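Colleague: Next up is a structure, given as structure tokens.
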Amino acid sequence: MRTPSERELLALWESGLTRHPIDRALLLCAWARPDVPGNELAHLPLGAVNEALLRLRRALFGPRLQAQVACERCGEALEIGLSVDELLPASQGTSPPPVLQLEGFEFRLPDSADLASAAGMVDARAAAEQLLERCCLPRSPETVLSDEVRARIEAWLEASDPLADLRLQLSCEACGHVWTAALDPASWLWDEVQRSARHLLAQVHALARAYGWTEPQVLALTPQRRSIYLDMVQA
Ligand SMILES: [Zn+2]
């Protein structure tokens with residue numbers, strides 16, 4: 001795990017601005033998994049990417065996740081809070097991803113490259129088919145998998161890569177509605193990186209204006225000193 005400094009966080013934010021969310025997740029993942037060569041990041045199982053992003057989140061902003069979600073039935077704003085530690089396994093998984101042998105086929109876990117191949121598809125079922133086809137060897141488009149085989153693959157995916165698809169059970173106190181919401185660590189972390197970058201730039205702006213300091217000079221100050229100068233500027 002390499003934790004970006006404030007200056008590196010600004011550079012990270014800037015280079016992620018124009019990227020597709022899948023590439024952005026890999027950009028963040030590269031920080032959390034310096035042990036994985038850049039060209040192999042897209043072939044990490046999706047759960048390994050999510051795990052890396054949750055660990056980076058904890059290193060950058062602490063373990064506590066807090067967010068507001070609107071009830072999908074009545075629109076009431078719900079405060080949700082949880083700890084990254086509740087979602088993470090005790091140790092980082094670095095063993096080779098498992099494969100499933102079934103009915104003469106071999107299935108592997110989906111990765112970011114598979115996700116990217118289906119990213120432009122509007123039909124969710126067609127996208128799921130595309131993922132399945134890419135993760136199955138050998139397979140031709142004529143191969144038809146029975147419902148039973150599909151169910152076994154799905155159960156295997158859930159058990160082998162539980163962090164690939166994170167879900168939270170939510171309930172609304174106002175109307176009693178209970179539902180499951182997807183938790184996407186990449187977009188969650190990216191929002192926080194954005195907020196943090198904007199906050200840093202606002203600090204640079206205030207101190208540059210007051211004292212004529214440059215961006216590197218402001219960022220070279222410890223957060224404690226910067227905060228005292230900001231208090232004096234704003235007093
Ligand atoms: Zn509600």
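The values are calculated or read from the model by the stated rules, or taken from the named source; none is laboratory data. Bear in mind that the values here come from a model prediction, so they are computed numbers and not experimental data. No Cβ is skipped: glycine too gets one built from the backbone with ideal geometry, and neighbour counts run over all protein chains shown.
Colleague: May I ask you to say which residue of LEU46, LEU60, LEU41, LEU53 is away from the ligand (no atom under 16 Å from the Cβ) and touching a Lys or Arg at 6+ places or on another chain (Cβ under 9 Å)?
Modeller: LEU41
Colleague: Of the residues that sit in segment 73-85 and are exposed (fewer than 13 other Cβ atoms within 10 Å of the Cβ) and modelled with pLDDT of 90 or more, which one is nearest to the ligand (Cβ to nearest atom)? Quick ask: steps written out before the conclusion?
Modeller: Initially, segment 73-85 is screened for residues exposed (fewer than 13 other Cβ atoms within 10 Å of the Cβ), giving 74-75, 77, 79, 81, 83, 85.
Going one step further and asking which of them are modelled with pLDDT of 90 or more, we end up with 74-75, 77, 79, 83, 85.
Working: CYS74: 3, GLY75: 7, ALA77: 10, GLU79: 13, SER83: 25, ASP85: 28 Å.
For segment 73-85, the residue satisfying everything is CYS74.
Colleague: Need the failing condition index for GLY16 against (1) in contact (Cβ under 8 Å) with a residue 24 or more places away in the chain; (2) surrounded by fewer than 16 Cβ atoms within 10 Å (Cβ to Cβ), just the number.
Modeller: Just one mismatch for GLY16, condition (2).
Colleague: Every residue in segment 142-174 that is within 16 Å of the ligand (Cβ to nearest atom) and touching a residue at least 40 places away in the same chain (Cβ under 8 Å), please. Outline the logic, then answer.
Modeller: We begin by selecting, within segment 142-174, every residue within 16 Å of the ligand (Cβ to nearest atom); these are 168-174.
Passing the criteria: LEU168, LEU170, CYS172, GLU173, ALA174.
Colleague: Quick check on this structure: which one of ALA124, ALA119, ALA155, ALA128 is within 28 Å of LEU53 (Cα to Cα), in the same structural domain as GLN68 (by TED's automatic domain parsing) and at pLDDT 90 or above?
Modeller: Unique residue meeting the criteria: ALA155.
Colleague: Being at pLDDT below 95 and either under 18 Å from ILE80 (Cβ atoms) or away from the ligand (no atom under 16 Å from the Cβ) (or both) narrows it down to one residue among ALA202, ALA197, ALA182, ALA208; which is it? Explain how you work it out, then say what you get.
Modeller: Working: ALA202 fails: at pLDDT below 95; ALA197 fails: at pLDDT below 95; ALA208 fails: at pLDDT below 95.
Just a single option satisfies the conditions, and that option is ALA182.
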